[in-house]
Amino acid sequence: MVEINVWNPYTQETIEFSLSQFWMKACRNGQDLNTIEAGMMVYEYLYGNNNTRIFMYWTIRDDSYQNIGCYNLVCSGFVQVNNQIATGATVTPYSNYDGTQRSVKFYVWKV
């Protein structure tokens with residue numbers, strides 16, 4: 001379990017993003033990097049606005065971030081089992097500097 005505070009950082013350009021994440025990786029002999037990454041991000045290019053959203057990203061075996069990676073439910077290979085919070089959903093309310101802190105807990109299982 002990982003718990004991450006909810007913020008709404010500013011990004012200036014459409015192609016810029018800001019994220020807070022955890023990731024798990026596996027690699028063989030320093031090559032063939034595979035990852036599962038999850039957290040919250042602001043990414044106008046992907047989502048069409050600057051709202052903070054829950055995201056999940058994964059790469060596939062033998063690709064090492066070169067060609068095959070996917071956000072959220074866009075590609076097969078990731079199955080969301082929680083029906084309370086949707087991957088890609090907007091997250092609010094936000095934490096306040098020197099005030100109330102808001103967070104989301106993340107769990108990942110290999111099925």
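The values are calculated or read from the model by the stated rules, or taken from the named source; none is laboratory data. Note that this is a predicted model, so its numbers are computed, not measured. Cβ placement follows ideal geometry from the backbone for every residue including glycine, while neighbour counts extend to all protein chains displayed.
Considering only residues that are hydroxyl-bearing (Ser, Thr, Tyr) and more than 17 Å from Val42 (Cα to Cα), which ones fall in region 81-111?
Answer for region 81-111, where residues must be hydroxyl-bearing (Ser, Thr, Tyr) and more than 17 Å from Val42 (Cα to Cα): Tyr97, Thr100, Tyr107.
Residues in region 73-100 that are more than 18 Å from Tyr10 (Cα to Cα) and of a type in the set (S, T, N, Q) were compared, and the one that is surrounded by the fewest Cβ atoms within 10 Å (Cβ to Cβ) is Gln84. Scan region 22-39 for residues that are polar (S, T, N, Q) and free of Cβ contacts under 8 Å to residues at least 24 places away in the same chain and the total you get is 1. Just one of the numbered conditions (1) of a type in the set (A, V, I, L, M, F, W, C); (2) exposed (fewer than 12 other Cβ atoms within 10 Å of the Cβ); (3) touching a Phe, Trp or Tyr at 6+ places or on another chain (Cβ under 6 Å) is not true of Met41; which one? Status for Met41: all satisfied but (2).
Evaluate the following for Asn5: is it under 16 Å from Lys105 (Cβ atoms), polar (S, T, N, Q) and at pLDDT 95 or above? Considered against the rule, which asks whether it is under 16 Å from Lys105 (Cβ atoms), polar (S, T, N, Q) and at pLDDT 95 or above, Asn5 comes out as yes. Scanning region 59-71 for residues that are touching a Phe, Trp or Tyr at 6+ places or on another chain (Cβ under 6 Å), surrounded by 11 or more Cβ atoms within 10 Å (Cβ to Cβ) and either of a type in the set (Val, Ile, Thr) or touching a residue at least 60 places away in the same chain (Cβ under 8 Å) (or both) turns up at least one hit.
Given the criteria at positive phi, modelled with pLDDT under 80 and part of a loop (DSSP other than H, G, I, E, B), does Ser76 qualify? No: the conditions fail for Ser76.
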